[in-house]
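Taken together, the values in this text are just the output of simple stated rules run on the coordinates, not laboratory data. Remember, predicted model here, so these are calculated numbers, not experimental data. Note that each Cβ is placed from the backbone with ideal geometry, even for glycine, and that neighbours are counted across all protein chains shown.
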Amino acid sequence: MAAYRCLRCAWLLLVFISSRYVVVSSEETTQGHDRVSVADNPQTAADTAKQPLEERRWEATQVDKAVPDDAAAAAHKQDFPVPDSVLTPTPQLNDEFKEELVIRPLHSGDIYASFQFRTVWETDFTRGSKVSHYRLFPKSLGQVISKFSVQELHISFTQGYWRTMQWGQPYHPSPPGAELWVWFQDTVTDVDATWKELTNVLSGIFCASLNFIDSTNTVQPSASFKPLGIANGTDHRFLRYATLPREIVCTENLTPWKKLLPCGSKAGLAVLLKSEKLFHSSFHSQAVHIRPVCQDQQCKTMSLELRQTLNVVFDLHTSGQGKREWSLFKMFSRTLTEACPLAASSKIYIDITDNPQEEQFELSPATPLLSQAVVLGDRRTFSVYDLTQQVTFGTVRSLNVLIRWKSTEGDMLRPLLHAERYVAGYGLQTGEIHTLMYNNHPFRSFPVLLLESVPWYLRLYIHTLTVTSKGKDNKPSYIHYEPSKDRVRPHLLEMLVQLPPHSVTEITVQFERALLKWTEYTPDPNHGFYVGSSVISALVPSTVAMNTNITEEQPLFSTFFPCKEESSYFVRVYTEPLLVNLPTPDFSMPYNVICLTCTVVAVGYGSLYNLLTRSFQIEEPNPGLAKRIANIIRKMRGVPPL
Amino acid sequence: MGLLSDPNRRRALISLLTRLNAPICVLCYFAGVCWFMGLAFEPFTLRTYMSENAMGSTMVEERFPSGERALATGREFAAHKKKVGGMPVDWLVKTMQARGLEVFTQSFSRTLPFPDENKERYIVKGTNVYGILRAPRAPRTEALVLSAPCSPGDNNNQAVGLLLGLAHYFRSQIFWAKDIIFLVNEHDLIGMQAWLESYHHTNTTGMDWSPLQGRGGSIQAALSLELSSDVITSFDIVLEGLNGQLPNLDLANLFYAFCQKIGVLCTIQGKLQRNDWDSVSGYSHAVQTMMLMVMKQASGRPWGDHGLFLRYHIEAATVKGINSFRQYKTDVTTIGRLLEGIFRKLNNLLERLHQSYFFYLMPSLSHFVSIGYYMPAFGLLAVILLLRALDLWVQFANPPAVTADGVADIERQSSPGVLSVLTPLVISHLTGAALYFLPTRFQETAVEHFPVSETEAVVLTAIAVYTAGLALPHNTHR
């Protein structure tokens, strides 16, 4: 695989593209595949011809930057020779910062905005060198990484659940609540202690309750989470994964997140991140990903990449008020006036794939720049606004991209892979967790990796585990199960399941609800207890490869070789978390118990004790009064009584 | 204990119990009945109060504006229902989708043991339609349900209209923290049971249903709406569910609080609350209300679609709009505001409703009798059994040695053996088992060989079992 990658990287050196070039990478890939496709858009050939000079300059910078990114672990497929001019590298800065915003109008009429800020810093924390000078990279995170010997760190805070059926696949999937997974360097001796310390530090940095991560909700997945950057080994002893499904994300998490940006929220795209609008949405997710990447193709030097992503979906119905239109101002209550001065590139992409003739929505101001990229197995076309160009802002010196819908909302989508999960049964003793995984591909089956981490207080009956698809038993080819230990560690269940084409695979496992100790209940025990999302990682056959219609108009260079790399793409799907009610005592019970015991002791025990210890004897019938007086007299006289 | 350890006093006590057994029993009986009847007397009962903190003060503001539109939707629904001759599934799906809900359908069928009363059919087939309003920024863990049955004829069209109107209005609000499921169920209880079983993936009734495609996590509370007229005079709440189960009292309190706030007349058991508790008629009114509740619970059947929710630990109630001959009418906008208020309050819940009582009786909507108050009455009635048993036992242990003619001695010889006790026990158990199994078992054979219908066959078998029981020697022995 490595050799293959090198080959691909070598290809990249030779490659240049005559028109536009865009890198949209999806860092969720386990094997670290950033699939990039560059294509000429025939429709805008005329437009591009008009302004070759400007275009040219933009492409050149783009390629320079694309190199380190993709060299990380990429596989490319550009297959035609390149002018030499691009190959002369511009002098590399030590670190660089790029920002971009992708806006995708969704089928349902909602709109999806995905921010991504990337800082790449050529440095090496691993060799114990003290780093004290920070420029673009946030010092707070740098110190954490060097202190705790972190190799990779991925943290996400999400409020809401991504509706795959309505919105399609997200660029950056994340489960509701907080998710943290960290690969430590193999020099770390006591991983658990480091992990504990790290979570507490991160808790302070992000103002979140990450300090609630302890051994009862931490697992070490054996297969589901592989390093995304360059890594020497993948020994899962150095991996820790934890979710807090209950974590609520709000402004106090957003502010520290924004502070990590080089421009803060003062300039560039980050101006748009106003909490009063961001939290007036259907979905909000923010994340920080740190990983080591290669600086160049030979991978001689390493650099550290920090990606900050923020995804938000705005709801048409709650903020539309009749008019079906979206603008930057309407979404974020700000417009853009400048790029971040520290940014090497600052762009806005609008996904116009479903809208080639503007029949679905209208985009204004119009932009001549178009680009294509393969994202999530689908070739997408984007309109590009380059904020580093003054032309973009026009005469009014501000950019307010406006999308006006023309068509009505569509039906629900049928994404190739989606999943749902629920608790079945009633009563408070047992239950059953059902996980449903849908493969909507018409003719291809593909394997998925399922990770379930269930808290110990749901005692899984693993012998009741069944996997069925299409009514038949579907034997998983790989099962990794770690039983829980009460109050110490959760259940971990990982399975590799083959999903047959066009099917629903149902995984059921029964559980028993444990009765907790009375101090272990949360302050709101009747709310229920959360079980984190299960994670489904899969290589899904891409829709590009599904398309066998070669007569369709496509750039020639992209159709010559059969596209192996594109034949499948990596997705991670999170199911909804579960809320499970446990048997809960009536917490006024201690009072009742005290009252009852006191009564029982006072009345019952006293009498019983009396009864048991008393010696019984037959009592003489009472002598009459005369007899008693007579006896007294006889006693005085010294005569035996009657 | 001291009393019992003293043989003299014990003897005195026992003789008192045996001598005065009948008067004491009668006394207990009357005391029990009086206690129970006293519960309906207002000064003896507690006023209802909201226990749940999250629903405490009425801080929500109801703004539902579009009652007329809801009625128009209801009329449209009625027209489509008439055209299709049943549940207009496609229309409902389209309408719910247009309101921005995630819409799913569920089909179900159930083979009936007896043919249906009005249509003479053995298999009931139907479709439930439900739309889920996804709460913004909520992880699909909690849900509330608003349901309206799609009844045959002209009934309940306004309820469906209002449900869709509320769905439209709720969809544009930002404050929802729980998903809201809008359910239109066909064939009343059968449809509801199919939906609930499918939602929880259980099968207790042997029904066939298609699995649900969309869920909203654990359901916290549910409200079933029945409304058959454009204006109403009062609103009735039905609480009694399957096997006499009741929802948490806070749900009734919530309903009452909003009726008071909005100014809608509200009833329970179809009876208005009266202020003249000190008059005889006022008191008998309260007694009737309370006794109706007792009777309905004793019947064990659910008195509304909500009744089936209770098994799944979901607090639920049915609210019925009633249109009678009264001057003061309430329009649908007001009803919508009432429901909006209730749902916003339920939306505020942090925990399931659990603070208030689950066992209670209601002589009126503003007063309740908790289990602690009505159990003594029951205890007084139950102690009679104990006293009678004690009496019999004492008589067995030391038979009256009064007789001078020696009759007592002969009787002492024939002390009752185990067998004589065992026989009636076994017989009564067998009779019970026969009554449980035989009617349905013999139903088919009876219909084949005799000119009776299925329902008659069951009744006749039950009668036959009783008659056979009478013929047993033990029963005639005495």
Requested in this report: Taking the Cβ of each residue in B:D90, A:D315 as the centre, tally the other Cβ atoms inside 10 Å and list the residues starting with the fewest.
Outcome: B:D90, A:D315
Report task. Compute the distance in nm between two label points, each set 7 Å from the Cα along the Cα-to-Cβ direction, one at B:V459 and one at A:S275. Result -> 7.1
Report summary line: Of all DSSP beta bridges having both residues in chain B, the percent classed as antiparallel (nearest 5) is 55
Requested in this report: First check a/c for segment B:53-365, with a ≥ b ≥ c the square roots of the eigenvalues of its C-alpha gyration tensor; if it is under 1.5, answer rounded, and if not, answer prolate when a/b is larger than b/c or oblate otherwise.
Outcome: rounded
Query - Distance violations [Cα-Cα > 22 Å] among B:K320/B:K345; B:K83/B:K320; B:K81/B:K345; B:K271/B:K320; B:K83/B:K329; B:K296/B:K320 - result: B:K83/B:K320; B:K81/B:K345; B:K83/B:K329
Requested in this report: With a point put 7 Å past each Cα toward its Cβ, work out how far B:S172 is from B:L350 in nm, to one decimal.
Outcome: 3.3
Report task. Any chance you could check the Cα centroid distance between segment A:244-278 and segment A:566-642 for me, in angstrom? Result -> 63
Query raised in the report: Among residues other than B:L349 whose Cβ falls under 14 Å from its Cβ, what is the net charge (Lys/Arg +1, Asp/Glu -1)?
Result: -3
Query raised in the report: Does anyone have the angle between helix B:249-262 and the longest principal axis of chain B? Alpha-carbon axes, 0 to 90°, nearest 10?
Result: 50
Query - Distance histogram in 10 Å bins (all Cα pairs of segment A:489-534, percent per bin) - result: 15, 39, 26, 15, 5
Report task. Quick one: angle between helix B:7-19 and the longest Cα principal axis of chain B, in degrees between 0 and 90, rounded to 10, please. Result -> 70
Requested in this report: Would you mind ranking A:T194, A:T430 by Cβ crowding within 10 Å, fewest neighbours first?
Outcome: A:T430, A:T194
Query - Segment B:A298-B:L112, length gained on full extension (0.36 nm per residue, minus Cα span) - result: 64.5 nm
Requested in this report: Measure off 7 Å from each Cα along the Cα-to-Cβ vector at B:Q288 and A:D124, then give the distance between these two points in nanometres to one decimal.
Outcome: 9.3
Query raised in the report: How far is helix B:454-471 tilted off the main Cα axis of chain B, in degrees rounded to 10, range 0 to 90?
Result: 10
Query raised in the report: Are there GluC sites (Glu not before Pro) in segment A:335-368 that DSSP puts in a loop and that have at most 15 other Cβ atoms within 10 Å, and which ones?
Result: A:E358, A:E359
Query - Cut-off of 10 Å, at most 10 other beta carbons, DSSP loop: longest stretch of chain B lacking such GluC sites (Glu not before Pro) - result: B:121-478
**Report entry** Reachable lysines from A:K277, criterion Cα separation under 24 angstrom, eight or more residues apart if same chain
**Finding:** A:K98, A:K258, A:K259, A:K266, A:K323, A:K330, A:K347, B:K178
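Efficiency by 1/(1 + (r/R0)^6): what FRET value for B:R274 and A:Y521, r their Cβ-Cβ distance, R0 = 41 Å, to the nearest 0.05? Please report the intermediate quantities before stating the final value.
Values: r = 44 Å, r/R0 = 1.07.
The formula returns an efficiency of 0.40 here.
Between B:I24 and A:D586, what FRET efficiency follows from the Cβ-Cβ distance if R0 is 35 Å, with the result rounded to 0.05?
Details: r = 36 Å, r/R0 = 1.02.
That gives a FRET efficiency of 0.45.
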Query raised in the report: Residue separation times 0.36 nm, minus the C-alpha to C-alpha distance between B:S15 and B:L189: what's the value?
Result: 57.0 nm
Report summary line: Going from the fewest other Cβ atoms within 10 Å to the most, one would list B:V26, B:V129 as B:V26, B:V129
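To the nearest 0.05, how large is the calculated FRET efficiency for A:L402 and A:Y461 if R₀ is 45 Å and r is the Cβ-Cβ distance?
Values: r = 56 Å, r/R0 = 1.24.
My answer for the efficiency is 0.20.
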